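The structure under discussion appears below in the form of structure tokens.
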Amino acid sequence: MESLSIFVGQLISFAWGLPIVFIIPAYLYFTFKTKFIQKKLFKGLKLALTRQEQYGQGELSPFHTFCTELGVTFGVGNVIGVATAIIVGGVGAVFWVFAISFLGVSVKYCEAYISTKFRQKTITGDIVSGVVVVYDKVFKMKKVAILFAVLCLISSTVRLFSMQVRFICDFCNTTFDVPILPTELVVVSIIAFFVFLGTTFIAHFASKITIPVVCIYFILCFTILFTRLEYIVPALAAILRGTFSFESLSGGIIGSSIFMAFKEGSRIGLYSTEAGMGELSVVGAQAKTRNPFRQAIISSTITFLDGAVCCPLTGLVVVITLLHSPNLIDTSNISGKYIIDMAFSCIPKLGAPLLAMVVLVFAFTMAVTSYVVVKNFFVFLFKNVNIIKFKIIYLFCGSFIGLIFAKKEYWEFLYFIDVFKVGLTLWGIFLLRDIIIRETKEYSVGNRVDVIKDTVILYKEVEQNIQNKKIKISILK
């Protein structure tokens, strides 16, 4: 077991060493090439919240895909993950979370653009999209597409489903002293209810729950800021000093090297927003949309709200708490959860229960909406498999992994996998940059954002199998 931990540690050290340095140049490059697409964020938010699309061959409305992607993006990493990054990388990590996320908006836009533009619709009605389709149908690199789909299938199942279920079980066990096994059975049973009702039902659930819960969390954070106004300026100053210097906070453990601050901030910025990882853009491709540009700018707003608003807000709350309670800084065994609990306990009576509710809902919503992501890659790999069988396999494998592999070293191998996913995604976007830039410029001029140009293509290879009754079309999609 010790040798496994050492081996995994070496893999993580490599994966988050030199490769992570190339994230900033890549994000800067696409921000420059898209003519600072971040300026379209408010337009994207308006399209997501105020207009219901009637055009396009998608399964969901843009609002429902917005809420679903919000649910699968906002998670425990936005809260406890940020606090942990500050403990490990220092307060300067907060700046890098914001910087990576803000620049990552351009990458998420490009990723969502090609995902929507080259999406395909199977004869069974399932939409398949993402970088896998680009490598398969555009670049004619079938083996690379299969490799990417397998990596995404493993990563999405474990990180978006298994880890969230395990977190809920551990949280209930430590907070309410509820046994893990019964909790997992209940949680997975509820998730199975949503999964078997299908993508549309999950999207409608997400549209009812995600925005209110995110707003509650924002209100809690701003309440803490208003109750400790005198610490805001010192906290911001400490973050800036920690970003570009080796200075620690009050001489305690919350201080680290510049590279560690960048490494931890980049990790949270990348994993929280998923910009450039090639997975979550498949959710947006489920939308009824007039053209790829509209849906791409809607999806890019998720990256901004998640990584450039929510995560830095959490980081500011954590730094303010550390300044307000300097005894925490000198404690070597503090955890992200402990600091978060301390931060929100300053809100009498409501702070702790509301925080627990928000964190549990974040984890549960991510576990539920992850089905939309995983299904995309499964359908790509196994077009002829009945979707009911997939749902059973997905629920069984995901819950089994979450129950058995509880130790941290088992999860961390995902970091190594994700480096390859990021590389393949950025390379695919880079190869298609001329198309993305040219069409982005065309759509941005005048009122061409309303131009109807749907690009769904039908799979033909499964049609004969259906006619020969070799596969059955399930009504539960």
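Computed from the coordinates by the stated procedures, all read-outs in this text should not be read as laboratory data. What you are looking at is a predicted structure, and each value in this text was computed from that prediction instead of being measured. Virtual Cβ from ideal backbone geometry, glycine too; neighbours counted across all protein chains shown.
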Exposure proxy order (Cβ contacts within 10 Å, fewest to most) of 298, 435:
435, 298
Label model pair residue 386, residue 236: point-to-point distance (7 angstrom along the Cα→beta-carbon line) in nm is 6.0
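If contacts are Cα pairs under 8 angstrom and at least 6 residues apart, what is the relative contact order of segment 15-467 in percent?
Details: 741 pairs, mean separation 163.8, N = 453.
The normalised contact order for segment 15-467 reaches 36 percent.
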Pull up all non-local amide H partners of residue 128: gap of 5 or more, or a different chain, and H-to-H distance under 5 Å with H placed in the peptide plane.
120, 121, 122
Which log10 I(q)/I(0) values, to two decimals, does segment 191-246 give at q = 0.17, 0.19, 0.27 Å⁻¹ under the Debye formula with one point per Cα?
-0.70, -0.75, -1.00
Would you mind ranking 135, 338, 271, 371 by Cβ crowding within 10 Å, fewest neighbours first?
338, 271, 135, 371
Which of the three applies to segment 82-222, rounded, prolate or oblate, going by the alpha-carbon gyration tensor with a ≥ b ≥ c and a/c under 1.5 meaning rounded?
oblate
Just need log10 I(q)/I(0) for segment 15-467 at q = 0.08 Å⁻¹, Debye formula, equal scatterers on the alpha-carbon atoms, no solvent, rounded to two decimals.
-0.43
Listed with the fewest Cβ neighbours within 10 Å leading, 194, 118 appear as 194, 118
Please list the radius of gyration and Dmax for segment 69-156, considering alpha-carbon atoms only, with Å as the unit.
16.9, 52
